[in-house]
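Down below is the structure, laid out as structure tokens.
The values are calculated or read from the model by the stated rules, or taken from the named source; none is laboratory data. In this text the structure is predicted, and so the values were computed from the model without any measurement. With ideal geometry, Cβ positions are generated from the backbone for all residues, glycine too; neighbour counts draw on all protein chains shown.
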């Protein structure tokens, strides 16, 4: 409701709208107090003395004068296991050992249903009532207890003193908040499973820095270089068994630089002929003399990319300077056909 108009909206409502106990509502009605307006401006002391302080508290909460903390009911995870202790545990090694044991129980439950965990939560109940919740995510469905213990060890190293054991934890609960289908994968007998090791590396990085900061490249349906791939979190969407997609260079496609700038950087370039490659260019205040050049590769822009209604064509050149720098530069606009003053940009660098 609009700020400052609480009273106007609350006044015509029945007293039951204040979430009072039924016996209090009935007692108020017996003395002729049936609407919120009937109690808003009455003296507080007599109301509290006769009907209890809960009535005054509900009025203040409805008017916004008193905060009302809300404890939302958390959804029940599909897989939950826990361990209770007669004597609280405080050492990190004991906590991790308990998590590994609970992860083994989760493994059996997940395996029976052919699933693996993608998001897990360890809840540590301290003896004095304080609760810590620690979550780890994975790039692919996981059931291995040893691997999960290592991920929680990484997370505890990041959390540090924020998870103070105090007098110890008397309950440790492990939940799989998100689970996905995980079919058995056949691996070699005499060779290491590089796919699993790579996925574990991604999980460790995600635990340390956050899975949203570990990204993968997804190809897009466009031929414009800066929009050809998009970086998305490694755990988002449907992925391979690794949880990662790698955009490979098409052997029949045009060569692309290893480092592609998100935004092409303007340069000053000089060419022998208007439509030819540059013979020298100045980038970041440094002049480069071109020793070799290949191109052009002509890329026509999509008509909706230009806000002013002009979609200028790009002519890309692979150039190598006398100093050894290999760059990907382009001229924006065809000379005389699209513009009389084409501009030059550097879009990426080769190895």
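Given the criteria part of a loop (DSSP other than H, G, I, E, B) and either over 21 Å from residue 225 (Cα atoms) or under 38 Å from the mean Cα position of the chain (by Cα) (or both), does residue 301 qualify?
Criteria met by residue 301.
Restricting attention to segment 55-100, which residues are under 30 Å from residue 184 (Cβ atoms) and surrounded by fewer than 16 Cβ atoms within 10 Å (Cβ to Cβ)?
75, 76, 78, 82, 97, listed by residue number.
Residues that are over 31 Å from the mean Cα position of the chain (by Cα): find the helices (runs of 4 or more DSSP H) completely inside segment 1-120 holding 3 or more of those.
It comes to 6-10, 22-30, 37-40, 44-51, 53-63.
Out of all the residues in segment 136-143, is one or more modelled with pLDDT of 90 or more, surrounded by fewer than 19 Cβ atoms within 10 Å (Cβ to Cβ) and within 23 Å of residue 195 (Cβ to Cβ)?
Looking through segment 136-143, none of the residues is modelled with pLDDT of 90 or more, surrounded by fewer than 19 Cβ atoms within 10 Å (Cβ to Cβ) and within 23 Å of residue 195 (Cβ to Cβ).
Conditions (1) surrounded by 15 or more Cβ atoms within 10 Å (Cβ to Cβ); (2) over 19 Å from residue 254 (Cβ atoms); (3) at pLDDT 95 or above, marked per residue:
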residue: 284; (1), (2), (3): no, yes, no
residue: 290; (1), (2), (3): yes, yes, yes
residue: 294; (1), (2), (3): no, no, no
residue: 311; (1), (2), (3): no, yes, no
residue: 329; (1), (2), (3): yes, no, yes
residue: 350; (1), (2), (3): yes, no, no
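Suppose the filter is over 28 Å from the mean Cα position of the chain (by Cα), surrounded by fewer than 18 Cβ atoms within 10 Å (Cβ to Cβ) and not in a strand (DSSP E or B); does residue 129 pass it?
The answer is yes for residue 129.
Looking at segment 257-276 only, could you name the residues that are in contact with a strand residue (DSSP E or B) (Cβ under 7 Å, 6 or more places away or on another chain), surrounded by 12 or more Cβ atoms within 10 Å (Cβ to Cβ) and part of a loop (DSSP other than H, G, I, E, B)?
The answer is 257, 275.
Which residue pairs have Cβ atoms closer than 8 Å, lie 6 or more positions apart in sequence or on different chains, and pair a first residue in segment 97-121 that is at negative phi and not assigned by TED's automatic domain parsing to the domain that holds residue 169 with a second residue that is in a helix (DSSP H, G or I) and buried (at least 21 other Cβ atoms within 10 Å of the Cβ)?
none
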